[in-house]
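Engineer: Dropping the structure in here first, questions after.
The values are calculated or read from the model by the stated rules, or taken from the named source; none is laboratory data. Computed from a predicted structure; not experimentally measured. Neighbour counts are summed over all protein chains in view; Cβ atoms, including those assigned to glycine, are modelled from backbone coordinates with ideal geometry.
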């Protein structure tokens, strides 16, 4: 059967590649997270430290010193005002735009230390802002320059904190040198390791992204192979059904036409009987035509002469005339060409829905709406008939509609309640044809 042929055991050639990618992702996930955290720290640290230093200076240090805002506070505020654009244009924006250059980064770093020294001459609290120099040293390339930046920051910071320049005693100098050496070595090792590992980690991240892109492409090829296998199974099933239709349904309809023709000749004197017989004859001939088209795997006759909106309008108008029920067809949205399989599926849903209305609904009005919404196409068939409980609406017609719509990647909903009419809504993807319609899909 079609289901067996189309949904049997699928190829597993993508399993190994997926497992490899998943393993890479699990190993690198925490490293990628570390890179993101480090980048975030690089961005916010100077602003946070400058804000803390400035806030403490103006709220506590300056009032406690007894100095007035002018000129002491004004000078500090001016230096802070210079520091803001210096950090913004020399550090924050280049990092966000990934436009850091070795020379410009070195110039920014030197200017930052100069500003820190100037601020620390007014208040020791700006030592907090000077700590940002250690973070900026990580941006200096090559790495020996970064270690030199750590050394310079440590000298500026500890020299001010320990007042080495004001009281250069032997003990103070020895302690100063020891602290600077240990601090430089500890932070410098981090710069060395970062310089060696960060580029490699970023390359691995790019490699994983390329691998994932290749897997997506592989999945697309896999889906195509599955679709081809399903189509092959459907073709075999179509040939089997074509033989059965040809041997049973088509021959039976031909016999009906023969009998109705005889009845029409015998009842030619009575107008009412002739009208009903003529209608039955027309329906039987239409059914025979459809049976023959099914044998040849062709689209419905209406779609052979027009596109889906016009074909549905023709179907609705003919159905309304044959059954004496008011029916209205509407099209909304911009019409788009659709795959023949999509058009056939929607047309068959409308055809089956109208047939069900005529058989069971006892409706007085029917509305058919075809909506083009861009990525999807919607078909709604509504009636004001007697309706039914949805849990019992599982006949062959509804099941066939659901299977047909699922076959083209859509889904169908049936809403009904006793005395409240019925609504059949089909939603399918708006897949355009790959080119002109194939000969097997339309009849000229």
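Engineer: Scan segment 407-434 for residues that are closer than 14 Å to residue 361 by Cβ and either surrounded by 13 or more Cβ atoms within 10 Å (Cβ to Cβ) or modelled with pLDDT of 90 or more (or both) and jot them down.
Structural biologist: Once the filter is applied, which keeps residues that are closer than 14 Å to residue 361 by Cβ and either surrounded by 13 or more Cβ atoms within 10 Å (Cβ to Cβ) or modelled with pLDDT of 90 or more (or both), segment 407-434 yields 414, 415, 416, 420, 421, 422, 423, 424.
Engineer: So, in segment 387-406, of the ones that are more than 21 Å from residue 329 (Cα to Cα) and touching a helix residue (DSSP H, G or I) at 6+ places or on another chain (Cβ under 6 Å), which residue ends up modelled with the lowest pLDDT?
Structural biologist: Within segment 387-406, the match that is modelled with the lowest pLDDT is 397.
Engineer: On to the next question. Evaluate segment 396-406: report whether one residue or more is surrounded by 14 or more Cβ atoms within 10 Å (Cβ to Cβ), more than 27 Å from residue 279 (Cβ to Cβ) and free of Cβ contacts under 8 Å to residues at least 40 places away in the same chain.
Structural biologist: Taking every residue of segment 396-406 in turn, at least one turns out to be surrounded by 14 or more Cβ atoms within 10 Å (Cβ to Cβ), more than 27 Å from residue 279 (Cβ to Cβ) and free of Cβ contacts under 8 Å to residues at least 40 places away in the same chain.
Engineer: Which one of these does residue 334 not meet: (1) in contact with a strand residue (DSSP E or B) (Cβ under 6 Å, 6 or more places away or on another chain); (2) surrounded by fewer than 14 Cβ atoms within 10 Å (Cβ to Cβ); (3) in a helix (DSSP H, G or I)?
Structural biologist: Failing condition for residue 334: (3).
Engineer: Which one of 58, 69, 109 is under 28 Å from residue 39 (Cβ atoms) and either in contact with a helix residue (DSSP H, G or I) (Cβ under 9 Å, 6 or more places away or on another chain) or surrounded by fewer than 18 Cβ atoms within 10 Å (Cβ to Cβ) (or both)?
Structural biologist: 109
Engineer: Sticking with this one: Look through segment 139-177, keep the residues that are within 55 Å of the chain's Cα centre (by Cα) and part of a loop (DSSP other than H, G, I, E, B), and return whichever of them is nearest to residue 87 (Cα to Cα).
Structural biologist: Only one residue fits best here, namely 139.
Engineer: Another question, if that's okay. Scan segment 112-123 residue by residue and report those that are surrounded by fewer than 16 Cβ atoms within 10 Å (Cβ to Cβ) and assigned to a helix (DSSP H, G or I). Write out each step before concluding.
Structural biologist: Applying the first criterion (surrounded by fewer than 16 Cβ atoms within 10 Å (Cβ to Cβ)) to segment 112-123 yields 114, 117, 121.
Hits for segment 112-123 are 114, 117.
Engineer: Anything in segment 121-140 that is in contact with a helix residue (DSSP H, G or I) (Cβ under 6 Å, 6 or more places away or on another chain) and farther than 21 Å from residue 44 by Cα? List them, or say none.
Structural biologist: Once the filter is applied, which keeps residues that are in contact with a helix residue (DSSP H, G or I) (Cβ under 6 Å, 6 or more places away or on another chain) and farther than 21 Å from residue 44 by Cα, segment 121-140 yields 122, 123.
Engineer: Give segment 275-328 a look and list any residue that's modelled with pLDDT under 70 and either in a loop (DSSP other than H, G, I, E, B) or out of contact with any helix residue (DSSP H, G or I) (no Cβ under 9 Å at 6 or more places or on another chain) (or both), or say none.
Structural biologist: 275, 276, 296, 297, 298, 299, 300
Engineer: Somewhere in segment 363-383, is a residue surrounded by 14 or more Cβ atoms within 10 Å (Cβ to Cβ), assigned to a helix (DSSP H, G or I) and touching a residue at least 40 places away in the same chain (Cβ under 8 Å)?
Structural biologist: no
Engineer: Moving on to the next point. Based on what the data block shows, is residue 219 modelled with pLDDT of 70 or more and more than 30 Å from residue 155 (Cβ to Cβ)?
Structural biologist: For residue 219, the condition - modelled with pLDDT of 70 or more and more than 30 Å from residue 155 (Cβ to Cβ) - is met.
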